Amino acid sequence: TKAMACDYGPENIRVNAIAPGLIETDIIANVDPAAKQKLIDATPMRRLGQPEEIAEVAFFLLSEQSSFMTGQTIVASGGRVLLP
């Protein structure tokens, strides 16, 4: 994101990314419940994220509220920063 932000910034094109944590989607539907619970327990917010929560971050990045942001990665992980 940082390199592309430098390349496209002069053209007023913003480049940002979202780094989601464990989100309740079809991808994790078949994960072993005990393994999933371990991941949840290791997350400071002690829950899975919801797809709508990531959509809200994307909406913010697409809005004029983020008009002076570029080259950033927003981590939406419930506080979790490392995988086991």
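Observations, loosely collected:
- Scanning the stretch 29-51 for residues that are surrounded by 10 or more Cβ atoms within 10 Å (Cβ to Cβ), in a helix (DSSP H, G or I) and charged (D, E, K, R) yields a count of 2.
- Any chance Arg47 is basic (Lys, Arg) and modelled with pLDDT of 95 or more: yes
- Within the stretch 53-84, considering residues that are open to solvent by 80 Å² or more (accessible area, probe 1.4 Å) and modelled with pLDDT of 95 or more, the one farthest from Gly9 (Cα to Cα): Glu56
The values are calculated or read from the model by the stated rules, or taken from the named source; none is laboratory data. Only a predicted model underlies this, so the values are computations on that prediction, with no experimental measurement involved. Cβ: placed from backbone, ideal geometry, glycine included. Neighbour counts: every protein chain shown. Note: accessible area is taken over every heavy atom of the protein model, side chains too, but ligands, DNA and RNA are not part of it. Shrake-Rupley method; radii C 1.70, N 1.55, O 1.52, S 1.80 Å.
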